[in-house]
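In what follows, a single structure is set out as structure tokens and then discussed.
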Amino acid sequence: NCYFQMFVYCYNLKEIPELPATTLAKNCYESMFYECTSLKEVEELPATILADSCYYQMFVGCSNLEIVPESLPATTLAEASYAKMFKKCTSLTKTPQLPATTLADYCYNEMFSECKGLTQAPELPATKLSYYCYFGMFSGCTSLVNAPALPATTLTNGCYLQMFMDCRNLTQAPELPATTLASSCYMNMFWGTKLTQAP
């Protein structure tokens with residue numbers, strides 16, 4: 001909890017300090033810039049070793065945030081590590097690259113939920129999923145037209161639950177190659193979209 005809620009509700013904050021740590025601790029950046037509505041740019045978050053909830057809600061409600069790191073380089077995630085990280089960042093049009101191939105429970109939970117300006121989703125290369133790992137990841141992204149490729153073949157409970165819910169302009173769905181399903185794995189995945197054909 002070392003930087004927990006450090007700048008929460010700093011509405012006039014325009015620049016953030018460098019955050020050079022590459023090994024994080026549990027809850028370390030949780031809600032650090034929550035509702036910093038004047039923040040426009042985050043240049044680099046170089047951590048490669050994550051811990052549970054380390055980036056949880058870090059930039060929620062940063063409604064003017066337009067520029068984010070090119071990549072979040074960790075390839076092995078921790079439980080809820082990126083959950084709600086950019087939720088309600090309504091000026092965001094592009095996401096960081098997400099190269100992780102080893103996921104954890106709730107790791108991407110609502111990561112970009114309600115990012116209404118988001119037009120491009122990142123590649124999601126993992127083939128083995130974890131509980132609720134993509135739950136609501138892009139829910140409410142009303143400018144998103146195409147979904148990313150979803151190559152996973154090993155599913156788990158709730159893994160795609162509400163992933164694209166209320167993406168009202170989503171017209172194209174990805175292939176879903178898994179042959180063995182899990183409880184609620186696709187529940188409400190495309191609810192409220194304009195899909196013209198099934199995946």
Which order, highest average first, do 24-30, 134-140 follow once you tally other Cβ atoms within 10 Å for each residue and take the mean per peptide?
-> 134-140, 24-30
Accessible area of Cys185 in the full protein assembly, 1.4 Å probe (Å², nearest 10) | 10
The answer for Gln97, listing residues at least 5 apart or on another chain whose modeled amide H is closer than 5 Å to its amide H, is Ser71, Leu72
Kindly flag which residue pairs out of Lys87/Lys194; Lys40/Lys87; Lys128/Lys194; Lys26/Lys88; Lys14/Lys116 have an alpha-carbon separation exceeding 25 Å in this structure.
-> Lys128/Lys194
Of 48-55, 13-20, ordering from highest average Cβ density within 10 Å down gives 48-55, 13-20
Any idea what the relative contact order of the range 64-160 is, in percent, if you count C-alpha pairs under 8 Å spaced at least 6 apart?
-> 27
With the contact rule set at Cα under 8 Å and sequence spacing of 6 or more, what percent relative contact order holds for the range 1-99?
-> 26
Which one of Leu124, Leu181, Leu45 has the biggest mean-square fluctuation once the chain is modelled by GNM with Cα springs under 10 Å?
-> Leu181
Ordered by residue, what ³J(HN,Hα) values in Hz, to whole numbers, does the range 138-147 give under the Karplus form 6.51 cos²θ - 1.76 cosθ + 1.60, where θ = phi - 60° and Gly and Pro are x?
-> 10, 4, x, 7, 6, 9, 6, 9, 10, 8
Roughly speaking, to the nearest percent, how much of the chain's 1.4 Å accessible area is carbon and sulfur?
-> 47
Given the range 61-128, what whole percent of its Cα pairs are spread farther than 20 Å?
-> 23
Just one of (1) 14.8; (2) 12.0; (3) 9.3 is mean projected area of the Cα convex hull in nm² as worked out from the coordinates here. Which one is it?
-> (3)
Using the heavy atoms of the protein chains alone and a 1.4 angstrom probe, what is the accessible area of the range 24-75 per residue in square angstrom?
-> 38
Residue-wise HN-Hα coupling along the range 110-125, computed from phi with Karplus coefficients 6.51, -1.76, 1.60 (Hz; x: Gly, Pro) | 6, 4, 10, 4, 6, 7, 5, x, 5, 10, 9, 9, x, 5, 10, x
In the neighbourhood of Leu50 defined by beta carbon distances under 10 Å, the net charge of the other residues (Lys, Arg +1; Asp, Glu -1) is -1
For the chain, what relative contact order do you get, as a whole percent, if you take Cα pairs closer than 8 Å and at least 6 residues apart?
-> 13
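The values are calculated or read from the model by the stated rules, or taken from the named source; none is laboratory data. Please read these numbers as outputs of a predicted model, since none were measured by experiment. A quick note on method: Cβ atoms are made from the backbone with ideal geometry, for glycine too, and the neighbour counts reach across all protein chains shown. Areas reflect the complete protein model, heavy atoms only, side chains present, ligands, DNA and RNA absent. Shrake-Rupley method; radii C 1.70, N 1.55, O 1.52, S 1.80 Å.
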